[in-house]
Amino acid sequence: MPGKQLKKRPLSRYLKDYKHSQTHCSQCEKVLERMTLVFRGKIINKEAIAGMDQLIDDLVWQNVQSELTALCRFCSEISCNSHPSYFDIMAFKQYLFEQTEMNHSTIREYVVRLRRLDEMLVAHNYPADQFASAFNHQCIIDDLLPAANDNYRIALRKYDQYLAWQKSY
Ligand SMILES: [Zn+2]
């Protein structure tokens, strides 16, 4: 149909509708109580959405939407606000959600511990090659925190399980 134009609506309108249509976190499947919208790895907050008044049509929206995800607070925090140096925390988290039967709060504990360990490794400037060549990561704890509590060891053991799982694929 020549001259036919797609109806245009403000981007903010599309985003609000999208927000209302999402019920579960797209990474961990948790029911969303508080949702975070993430676009190309960046969180877009309410105020930002309110200011997005450019008019777009459905075709443009489809492109935008393909790069948009609705995440729970925890997953958005890991995706957007952590910059781990040693561990692949994002992949580890997804592994726990997708390949184990652990519940949400247990996974959270593991991930938080691993993040802390990552921070400690950074603070100690732990040699990257030594980390990469570690056959199992338990020995890192012995180097780093001789009197470490078992929680870190358990988290590291899980991480080693994740690495073994990843290698088998
Ligand atoms: Zn989530």
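Please list, ordered by first then second residue, the pairs with beta carbon atoms under 7 Å, 6 or more apart or interchain, first in the range 72-92 and assigned to a helix (DSSP H, G or I), second basic (Lys, Arg) and more than 9 Å from the ligand (Cβ to nearest atom).
Short answer, once both residue conditions are applied: 73/34; 74/108; 80/42; 89/115.
Do we have residue 79 as surrounded by fewer than 16 Cβ atoms within 10 Å (Cβ to Cβ), within 16 Å of the ligand (Cβ to nearest atom) and not acidic (Asp, Glu) here? Walk me through it before giving the result.
Numbers: surrounded by fewer than 16 Cβ atoms within 10 Å (Cβ to Cβ): no; within 16 Å of the ligand (Cβ to nearest atom): yes; not acidic (Asp, Glu): yes.
Against the criterion (surrounded by fewer than 16 Cβ atoms within 10 Å (Cβ to Cβ), within 16 Å of the ligand (Cβ to nearest atom) and not acidic (Asp, Glu)), residue 79 does not qualify.
Take residue 67 and tell me if it is assigned by TED's automatic domain parsing to the domain that holds residue 21, away from the ligand (no atom under 14 Å from the Cβ) and surrounded by fewer than 18 Cβ atoms within 10 Å (Cβ to Cβ).
Details: assigned by TED's automatic domain parsing to the domain that holds residue 21: yes; away from the ligand (no atom under 14 Å from the Cβ): yes; surrounded by fewer than 18 Cβ atoms within 10 Å (Cβ to Cβ): yes.
So residue 67 fits the description; yes.
Which residue out of 27, 62 is within 10 Å of the ligand (Cβ to nearest atom) and either buried (at least 16 other Cβ atoms within 10 Å of the Cβ) or more than 28 Å from residue 96 (Cβ to Cβ) (or both)? Steps first, please.
Values: 62 fails: within 10 Å of the ligand (Cβ to nearest atom).
After ruling out the rest, the residue left standing is 27.
Tally the residues that are among the charged types (D, E, K, R) and in contact with a His (Cβ under 7 Å, 6 or more places away or on another chain), restricting the search to the range 1-42. Explain how you work it out, then say what you get.
First pass over the range 1-42, keeping only residues among the charged types (D, E, K, R): 4, 7-9, 13, 16-17, 19, 29-30, 33-34, 40, 42.
From what is left, the residues that are in contact with a His (Cβ under 7 Å, 6 or more places away or on another chain) are 30.
Qualifying residue count for the region: 1.
Does the range 44-52 contain any residue that is more than 30 Å from residue 96 (Cα to Cα), acidic (Asp, Glu), not in a helix (DSSP H, G or I) and not assigned by TED's automatic domain parsing to the domain that holds residue 92?
No, the range 44-52 contains no residue that is more than 30 Å from residue 96 (Cα to Cα), acidic (Asp, Glu), not in a helix (DSSP H, G or I) and not assigned by TED's automatic domain parsing to the domain that holds residue 92.
Kindly indicate whether residue 5 is away from the ligand (no atom under 16 Å from the Cβ) and in a loop (DSSP other than H, G, I, E, B). Let's see the steps before the verdict.
On the way: away from the ligand (no atom under 16 Å from the Cβ): yes; in a loop (DSSP other than H, G, I, E, B): yes.
Criteria met by residue 5.
So, of the residues in the range 1-22 that are touching a helix residue (DSSP H, G or I) at 6+ places or on another chain (Cβ under 8 Å) and among the hydrophobic types (A, V, I, L, M, F, W, C), which turns out to be modelled with the lowest pLDDT?
6
Table: residues versus (1) assigned to a helix (DSSP H, G or I); (2) farther than 26 Å from residue 29 by Cα; (3) out of contact with any Leu (no Cβ under 7 Å at 6 or more places or on another chain).
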site: 98; (1), (2), (3): yes, no, yes
site: 132; (1), (2), (3): yes, yes, yes
site: 141; (1), (2), (3): yes, yes, no
site: 159; (1), (2), (3): yes, no, no
site: 164; (1), (2), (3): yes, no, yes
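Identify the single condition in (1) within 16 Å of the ligand (Cβ to nearest atom); (2) surrounded by 15 or more Cβ atoms within 10 Å (Cβ to Cβ); (3) not assigned by TED's automatic domain parsing to the domain that holds residue 124 that residue 89 does not satisfy, given that it satisfies every other one.
Unmet for residue 89, out of (1) within 16 Å of the ligand (Cβ to nearest atom); (2) surrounded by 15 or more Cβ atoms within 10 Å (Cβ to Cβ); (3) not assigned by TED's automatic domain parsing to the domain that holds residue 124: (3).
The values are calculated or read from the model by the stated rules, or taken from the named source; none is laboratory data. Only a predicted model underlies this, so the values are computations on that prediction, with no experimental measurement involved. Every residue, glycine as well, gets a Cβ built from its backbone with ideal geometry; the counts of neighbours run over all protein chains shown.
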